[in-house]
Amino acid sequence: MILLTTTSSVIQIVTGEAVNSINVQASFIDVATSIIGGNPSYANTLITTATTTTVVPSPASSTQRALKNLDVYNSSVASCQVTIQHTDGTTTVDLFNYTLLTGESIHFAEGRGWYVYDANGNLKEVMSFPGAVIGPTGPQGSTGATGVTGPTGANVVQRVVRENANYNAVAGDFVLCDTSGGPFTVTLPLSSGVQSGQTVTVKKITTDTNAVTIACSGSDTLDNNASMSTAVYNTAVEQATDGLSAWSIY
């Protein structure tokens, strides 16, 4: 996660001269020091000029804001230089700097970090950054001692699928939902048949007002509900299972 802990802390995006239409969606949780639990919220921003734009505003007094997901989509007809930065009102640091091509999107997800999808919705494995220079290869260091074997993690295989109708997800899916033809439902796998900690991510990628519904199998629950829906463009919802009977959004 990325934390905003003061009333001066914000997340900003600096756009280059070629900007025409940069769509930004941020999802975050606010936690007040006097309240148990958090209050989920989001911010949608359209950037049309070369400027510095606040896309995640500062939290209220006595409140900490935790950024869960950030999506930046270039719907312009030209590439645009995008710099995402964090400032506490005194010190500003760059978090991610990339020339976003037409139709591409930058994403930040808690627990995964930064990644980029191309215009076809495919994960970009190799990215070039402006001004980057590869330095000479340094000398090979000596072999270190073998560390202890860590615990076995969840057997998660991340795969990206694009759907436009009802779909039964499997553990590890990243489902890109095209609702331009109408609303539909993505059904999560039965929690008891999935190893604890595995995830399914559902993202609405079209600008229409149709909703995508995330539904549970059997008597499973999703944050204590049987289902949830979103019609907000570029919203990504990631949920993890306890391996028993529940999924949790995080």
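When GLN12 is tested against the conditions (1) in contact with an Asp or Glu (Cβ under 8 Å, 6 or more places away or on another chain); (2) assigned to a strand (DSSP E or B), the lone failure is (1).
When the residues of region 168-212 are filtered to those that are over 25 Å from ILE106 (Cβ atoms) and part of a strand (DSSP E or B), the one that is most open to solvent (accessible area, probe 1.4 Å) is ASN168.
If I ask for residues that are open to solvent by less than 10 Å² (accessible area, probe 1.4 Å) and either of a type in the set (Lys, Arg) or out of contact with any His (no Cβ under 6 Å at 6 or more places or on another chain) (or both), which ones from region 67-83 would you list?
Let us first name the residues in region 67-83 that are open to solvent by less than 10 Å² (accessible area, probe 1.4 Å), namely 67, 70-72, 74, 76, 80, 82.
If the condition is that a residue be open to solvent by less than 10 Å² (accessible area, probe 1.4 Å) and either of a type in the set (Lys, Arg) or out of contact with any His (no Cβ under 6 Å at 6 or more places or on another chain) (or both), then LEU67, LEU70, VAL72, ASN74, SER76, CYS80, VAL82 are the ones that fit.
Being surrounded by fewer than 17 Cβ atoms within 10 Å (Cβ to Cβ) and in contact with a helix residue (DSSP H, G or I) (Cβ under 9 Å, 6 or more places away or on another chain) holds for only one residue in SER245, SER227, and it is SER245.
The set of residues in region 1-25 being among the polar types (S, T, N, Q) and over 16 Å from GLY89 (Cβ atoms) consists of THR15, ASN20, SER21, ASN23, GLN25.
Just to be sure before I move on: is THR49 without any contact (Cβ under 8 Å) to a residue 40 or more places away in the chain and among the hydroxyl-bearing types (Ser, Thr, Tyr) in the structure I sent? So THR49 passes the test. The set of residues from region 84-112 being closer than 18 Å to LEU4 by Cβ, assigned to a strand (DSSP E or B) and either open to solvent by less than 20 Å² (accessible area, probe 1.4 Å) or in contact with a Ser or Thr (Cβ under 8 Å, 6 or more places away or on another chain) (or both) comprises ILE84, GLN85, HIS86, THR87, VAL93, ASP94, PHE96, PHE108, ALA109.
The values are calculated or read from the model by the stated rules, or taken from the named source; none is laboratory data. No experiment lies behind these values; they were computed from the predicted model shown. Glycine gets a Cβ as well: all are built from the backbone with ideal geometry, and neighbour counts include every protein chain shown. SASA here: full protein model, heavy atoms, side chains in, ligands and nucleic acids out. Shrake-Rupley method; radii C 1.70, N 1.55, O 1.52, S 1.80 Å.
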